[in-house]
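Peer 1: My questions all concern the structure below.
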Amino acid sequence: MQRITRQLSMWLMVVLTAVTLQAQAAQSKDLPDFTQLVKQAAPGVVNISTTREVQRRSMGPWSGGQGQQEIPEIFRHFFGDQIPFGPPGGNGGSEERHSLGSGFVISEDGYILTNAHVVDGADEIVVRLNDRRELKAELVGADKKTDVALLKVDADNLPTLNIGNSEQLQVGEWVAAIGSPFGFDHSVTAGIVSAIDRTLPTDAYVPFIQTDVAINPGNSGGPLFNLDGEVVGINSQIFTRSGGFMGLSFAIPISVAMDVADQLRESGHVSRGWLGVVIQPVSRDLAESFGLDGPRGALIADVAEDAPAAKAGLQAGDIIVAVDGQKIDQSSTLPRLIGKVAPGEKIELELLRNGKQLTKTVTVGDWPEEQQALAGSAQDDDPQSRLGVAVSALESSELERLGIDSGVRIVDIDPSGAAAAAGFKPGDVIVSLDQKPIESPQQLADVVGQIAKDRVVPVRLMRDGRSLFVALRLNGKDAE
């Protein structure tokens, strides 16, 4: 009896072991294997390092030298003996700043894609290949609105990556990133697509891919792959409260990036469609007040004078619900759709006006700043580019309603420009700048053109019927 029991126990153990091994094998089959992807793709991924010369801040009278006051203890507690600011005065000299990022090769003759912020302001760009060769790169062009930059190195027969179709990505799909986080070359991380078509507050033109792939400083500009080893995005941003990865990373769809790269290669700049309207979301209450069955579309809050929308007869209060048949469920969709349209092309807009549906044909214009600012070679001497806004004149009736004597309305704003950094918003009215009343768009340009580089000036704005002042720092060339 004991012998039978022992044999039965051994038999059960064998069966359980076999079942466990089968379950483990089945589970391992469900998990992706990235080894072949990495072997094939790694040679086409590059490390990018940049150098730029910056003006060192003066230590001022707090540097602790002879006849100078010691650094206050409260500052020493946070900064030690190297306080990074001080009262004006003295010449701090200059120093070199270095930064790291990633990129990838898109053509055998040396064209490389990366993020615009990786190479922004760089005096020298060096690309390190997988075989450890280091090559100086030329900036062909950069588009800050999409955060895409195109580089060129003098080399042939470079390993290239396969470009995929980001439009076919699905939420839950496995993806992987290769880059240089914190300078660690060709680090591989993986995760899934968490969401698609994400709109971030300062990036109206990019439908971001959200993933949980670990992205850290140095990954910027590197490729995001699908399981077929195709590039579907460029890793660009993370959401963080700690400065490090917290599970939310965002990539630029490769379809957007390649369109920008093609324009940069052909002309050195990017043309982007423009309507000349200020829009806002349609809330549930607004939808009810306008007679809609639910919140949808983009509500026009203002129309720029002589803009394409004005010429086509669009009015404040119109709600754009479709562009060429494509529905506008959220207002954030409209800038992306218009931005894809080549200037000069005609589009059909479906509108709701006073509860009635109508169609307007609009000839799309070129975004005003794009007409002046060449990507990769910022025209800092151009007043409009320095400020980063498009404005329209105000009618006398609107001035009277606002209770002001002069002003111009902001109808569009560059998210990476000086105005956006100062907190300006579309719809704001610039009443005065540098304590000079602003009566027209041309006068605004004249005043901006006279402001010296890095000078901070006060700006009076009207926002939502209230007056407020903001401090504006303009970069670029010194005024003549």
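The values are calculated or read from the model by the stated rules, or taken from the named source; none is laboratory data. The shown structure was predicted, so the numbers you read here are calculated from the model rather than taken from an experiment. Because the Cβ atoms are built from the backbone with ideal geometry, glycine has one as well, and the counts that use them run over all protein chains shown. Side chains are part of the model used for accessible areas, which takes the heavy atoms of the whole protein and leaves out ligands, DNA and RNA. Shrake-Rupley method; radii C 1.70, N 1.55, O 1.52, S 1.80 Å.
Peer 1: Run the paramagnetic zone check for K356: 7 angstrom along Cα to Cβ, then residues of region 290-313 with backbone nitrogen under 16 Å.
Peer 2: The answer is 291, 313, whose backbone nitrogens lie closer than 16 Å to the label point.
Peer 1: Using a Förster distance of 45 angstrom, determine the FRET efficiency expected from the C-beta separation of A301 and K39, and round it to 0.05. Write out the running numbers ahead of the final one.
Peer 2: Details: r = 53 Å, r/R0 = 1.18.
It comes to 0.25.
Peer 1: Trypsin sites (Lys or Arg not before Pro) within region 385-420: which are DSSP loop residues with at most 10 other Cβ atoms inside 10 Å?
Peer 2: Numbers: sites: R386, R401, R409; in loops: none.
Those that pass, being in a loop and sparsely packed, number zero.
Peer 1: Shifting gears a bit: Please enumerate, by chain and number, the lysines with C-alpha under 22 Å from the C-alpha of K425, excluding those fewer than 8 residues away in the same chain.
Peer 2: Straight-line reach from K425, under 22 Å: K144, K145, K436.
Peer 1: Does region 200-264 come out rounded, prolate or oblate, given a ≥ b ≥ c as the square roots of the eigenvalues of its C-alpha gyration tensor, rounded meaning a/c under 1.5 and, failing that, prolate meaning a/b above b/c? Kindly include the intermediate steps, with their values, before the conclusion.
Peer 2: On the way: a/c = 2.04, a/b = 1.36, b/c = 1.50.
Since a/c reaches 1.5 but b/c is at least a/b, the shape of region 200-264 is classed as oblate.
Peer 1: Relative to the Cα centre, what is the charge dipole magnitude of region 411-480, using +1 at the beta carbon of each Lys and Arg, -1 at the beta carbon of each Asp and Glu, and rounding to the nearest 20 debye? Please list the in-between numbers first.
Peer 2: Working: 9 positive and 10 negative charges, 53 e Å.
Roughly 260 debye, rounded to the nearest 20.
Peer 1: Then there is this: What distance in nm separates the simple spin-label points at T199 and D454, each placed 7 Å from Cα in the Cβ direction?
Peer 2: 3.8
Peer 1: Let me ask something else. Per residue, how large is the accessible surface of region 217-280? Use a 1.4 angstrom probe and give square angstrom. Walk me through the intermediate numbers first.
Peer 2: On the way: 2270 Å² over 64 residues.
Per-residue accessible area for region 217-280 comes out at 35 Å².
Peer 1: Right, here's the next one. With θ set to phi - 60°, apply the Karplus curve 6.51 cos²θ - 1.76 cosθ + 1.60 along region 216-229 and write out the HN-Hα couplings as whole Hz, x wherever there is a Gly or Pro.
Peer 2: In residue order, the calculated couplings are 9, x, x, 6, 3, x, x, x, 10, 10, 8, 5, 8, x Hz.
Peer 1: Just read off the accessible area of F34 with the full protein assembly in place, 1.4 Å probe, to the nearest 10 Å².
Peer 2: That residue has around 40 Å² of solvent-accessible surface.
Peer 1: D285 versus D324, label points 7 Å from Cα toward the beta carbon: distance in nm?
Peer 2: 3.7
Peer 1: Can you list residues from other chains, or at least 5 along the same chain, whose modelled amide H is less than 5 Å from the amide H of R272?
Peer 2: Answer set, sorted by chain and number: W367.
Peer 1: Pull out the extension gain between F239 and D366, defined as 0.36 nm times the separation in residues minus the alpha carbon to alpha carbon distance; nm, one decimal. Walk me through the numbers before you get to the answer.
Peer 2: Numbers: separation 127, 0.36 × 127 = 45.72 nm, distance 3.17 nm.
Here the answer is 42.6 nm.
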